[in-house]
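A.B. asks: Before I ask anything, let me first share the structure, which is written out below as structure tokens.
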Amino acid sequence: MTTIHYLLRDGSRRSIDAKPGTTVMENAVRHNVRGIDAECGGSCACATCHVYVDDAFIGRLPPPDAMEGELLEDVAAGREAGSRLSCQLIVTPELEGLTVHVPETQTR
């Protein structure tokens, strides 16, 4: 298992043990992490699973593909350097301790 830390809008933290091969979004939905809406169910079509990846982990992730990059242009909370769609972040053992910040809003 790989531990993922979700920093929520209210300042609290949820830590979840995630199975490698799943996505950061799947684990958030499965454990009812507030603020990750995932309206499209992980098909990279809605951007309601947007998170800000902690700076320490940005370099450990592959860059967003063209589709993800396009969706990130219109996220409700604003795109930043660590912006990613959590449905596109595959959990691996190398991501142990991954920290993602849930944005203030996922909808406009």
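Any read-out appearing in this document is the output of simple, stated calculations on the displayed coordinates, not a laboratory observation. Just so it is clear, the model here is predicted, and its values are computed rather than measured. So basically every Cβ, Gly included, is an ideal-geometry build from the backbone, and we count neighbours across all protein chains shown.
A.B. asks: May I ask for the Rg/Rh ratio of the chain, computed from Cα atoms with Rh as the Kirkwood radius, given to two decimals? Present the calculation step by step, with values, prior to reporting the outcome.
C.D. replies: Numbers: Rg = 12.2 Å, Rh = 13.4 Å.
Rounded to two decimals, Rg/Rh equals 0.91.
A.B. asks: What list do you get for 13, 79, 34 if you sort them by fewest beta carbons within 10 Å? Mind showing how you got there, number by number?
C.D. replies: Details: 13 9, 79 16, 34 13.
Neighbour counts put them in this order, fewest first: 13, 34, 79.
A.B. asks: Over the chain, with a Gaussian network built from C-alpha contacts below 10 Å, which listed residue (12, 43, 86) shows the highest mean-square fluctuation?
C.D. replies: Of 12, 43, 86, the most mobile in the Gaussian network model is 12.
A.B. asks: Share of antiparallel DSSP beta bridges in the chain, in percent to the nearest 5? Don't skip to the end; give the middle numbers.
C.D. replies: On the way: 12 of 16 bridges.
Bridges in the chain that DSSP calls antiparallel: roughly 75 percent.
A.B. asks: Quick one: Karplus J couplings for the stretch 31-42, per residue in order, coefficients 6.51, -1.76, 1.60, θ = phi - 60°, nearest Hz, x for Gly and Pro?
C.D. replies: 10, 6, 6, 5, x, 9, 7, 6, 4, 8, x, x
A.B. asks: Something else: Assign one of three labels to the stretch 59-108, namely rounded, prolate or oblate, based on the Cα gyration tensor with a ≥ b ≥ c the square roots of its eigenvalues; rounded applies when a/c is under 1.5, prolate when it is not and a/b is larger than b/c, and oblate otherwise.
C.D. replies: Values: a/c = 2.36, a/b = 1.49, b/c = 1.58.
In terms of gyration-tensor shape, oblate.
A.B. asks: How far apart, in nanometres, would the label points at residue 22 and residue 56 be if each is projected 7 angstrom from Cα along the Cα-to-Cβ direction?
C.D. replies: 2.2 nm
A.B. asks: Given the C-alpha centroids of the stretch 51-98 and the stretch 1-32, what is the distance between them in whole angstrom?
C.D. replies: Centre-to-centre (Cα) distance: 14 Å.
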